[in-house]
Amino acid sequence: MSATLYARLADMTDAPSPAPSRAAVAPTPDAGGYLTLSSRIAYRNRWLRLREDIIRRPDGSEGLYGVVERDDFAVIVAVDDNDCIAMVEQYRYPVGRRMLELPMGMWEDDPDADPAALAAGELAEETGLRALHLVEIGILFQGAGYSTQKGHVFHATGLSQGGTRREASEADMVARMVPRAEVERLIGEGGITCAVTIAALAITRARGLID
């Protein structure tokens with residue numbers, strides 16, 4: 001990589017940047033021939049870290065890869081005895097619209113939390129629901145082309161209602177039980193556009209837990 005290119009990358013952050021290391025990092029067995037030549041954290045806050053890697057591709061060319069590092073999250077498909085699914089609606093600032101989604105979230109203050117505890121906590125926090133049975137049924141990556149974040153998909157049954165414990169950023173959130181047939185209709189008509197929600201429901205259906 002040229003000194004000019006590295007100087008341009010360094011200008012993208014106020015943080016001081018170390019000189020790039022030319023020692024290639026040994027690839028993992030499934031790395032597909034990619035090598036990491038250097039890596040730095042360009043930006044961080046409470047919720048994410050933006051990592052910039054200089055890589056060598058299998059064909060020998062070099063390039064820059066930006067990676068968003070975020071902690072694991074849990075998404076919960078909670079189904080009651082009436083075949084209704086717990087959903088939440090809230091305003092999503094990045095896309096400028098309200099969205100209907102499954103309950104989900106991460107604990108930035110406890111990134112190593114047990115996924116089951118995280119799922120139970122997020123379900124109670126956002127909907128007030130407690131689940132007698134909570135089982136992890138799969139994982140998903142919501143943005144594997146740019147992010148490390150992994151989601152744990154849980155199926156929850158035996159529901160009982162309690163109080164919510166929403167954060168300030170969730171003050172506009174509305175929770176409701178939506179008939180499964182209506183959820184399917186909304187997905188087909190574009191009323192539900194959250195990729196994590198759609199993927200989690202697909203996993204639940206593939207496991208035979210909903211029709």
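Gly158: assigned to a strand (DSSP E or B) and in contact with a His (Cβ under 6 Å, 6 or more places away or on another chain), yes or no?
Considered against the rule, which asks whether it is assigned to a strand (DSSP E or B) and in contact with a His (Cβ under 6 Å, 6 or more places away or on another chain), Gly158 comes out as yes.
Name the single residue, out of those in the range 165-193 being touching a strand residue (DSSP E or B) at 6+ places or on another chain (Cβ under 7 Å) and within 18 Å of Ala119 (Cα to Cα), that is modelled with the lowest pLDDT.
It comes out as Glu170.
Using the structure shown, decide if Glu108 is within 16 Å of the chain's Cα centre (by Cα), under 20 Å from Arg46 (Cα atoms), not in a helix (DSSP H, G or I) and not hydrophobic (A, V, I, L, M, F, W, C).
Yes.
Can you find even one residue in the range 90-103 that is assigned by TED's automatic domain parsing to the domain that holds Gly191, in a helix (DSSP H, G or I) and within 22 Å of Ile187 (Cβ to Cβ)?
yes
Only one of (1) closer than 15 Å to Val196 by Cβ; (2) of a type outside the set (S, T, N, Q); (3) out of contact with any Pro (no Cβ under 6 Å at 6 or more places or on another chain) fails for Gly66. Which number is that?
(1)
Being under 23 Å from the mean Cα position of the chain (by Cα) and not in a strand (DSSP E or B) is the filter here, so list the residues in the range 34-66 that pass it.
Correct list: Asn45, Arg46, Trp47, Leu48.
Can you tell me which of (1) of a type in the set (A, V, I, L, M, F, W, C); (2) over 13 Å from the mean Cα position of the chain (by Cα); (3) surrounded by 15 or more Cβ atoms within 10 Å (Cβ to Cβ) is the one Leu140 doesn't meet?
(2)
Looking at this structure, is Glu125 within 25 Å of Glu189 (Cα to Cα) and touching a strand residue (DSSP E or B) at 6+ places or on another chain (Cβ under 9 Å)?
Considered against the rule, which asks whether it is within 25 Å of Glu189 (Cα to Cα) and touching a strand residue (DSSP E or B) at 6+ places or on another chain (Cβ under 9 Å), Glu125 comes out as no.
Of the conditions (1) touching a helix residue (DSSP H, G or I) at 6+ places or on another chain (Cβ under 8 Å); (2) modelled with pLDDT of 95 or more, Phe141 satisfies every one except a single condition; which number is it?
(1)
So, Met99, is that one closer than 19 Å to Gly143 by Cα and at pLDDT 95 or above or not?
In short, yes.
Pick from Leu209, Leu159, Leu132: which is touching a residue at least 12 places away in the same chain (Cβ under 8 Å) and buried (at least 16 other Cβ atoms within 10 Å of the Cβ)?
Checking each option against the conditions leaves just Leu159.
Kindly indicate whether Arg180 is farther than 22 Å from Trp107 by Cα and free of Cβ contacts under 8 Å to residues at least 12 places away in the same chain.
no
Residues are listed down the side, and each one gets a yes or a no for (1) under 20 Å from Ala74 (Cβ atoms); (2) more than 17 Å from the chain's Cα centre (by Cα):
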| site | (1), (2) |
| --- | --- |
| His152 | yes, no |
| Gly158 | yes, yes |
| Asp172 | no, yes |
| Val178 | yes, yes |
| Ala202 | yes, no |
| Arg205 | yes, yes |
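Can you find even one residue in the range 110-124 that is small (Gly, Ala, Ser), surrounded by 15 or more Cβ atoms within 10 Å (Cβ to Cβ), assigned by TED's automatic domain parsing to the domain that holds Tyr91 and in contact with a His (Cβ under 8 Å, 6 or more places away or on another chain)?
Checking the range 110-124: at least one residue is small (Gly, Ala, Ser), surrounded by 15 or more Cβ atoms within 10 Å (Cβ to Cβ), assigned by TED's automatic domain parsing to the domain that holds Tyr91 and in contact with a His (Cβ under 8 Å, 6 or more places away or on another chain).
The values are calculated or read from the model by the stated rules, or taken from the named source; none is laboratory data. Small disclaimer: the values here were computed from a predicted structure and weren't measured. Methodologically, a virtual Cβ is constructed for each residue, glycine included, from the backbone with ideal geometry; neighbour enumeration extends over all protein chains shown.
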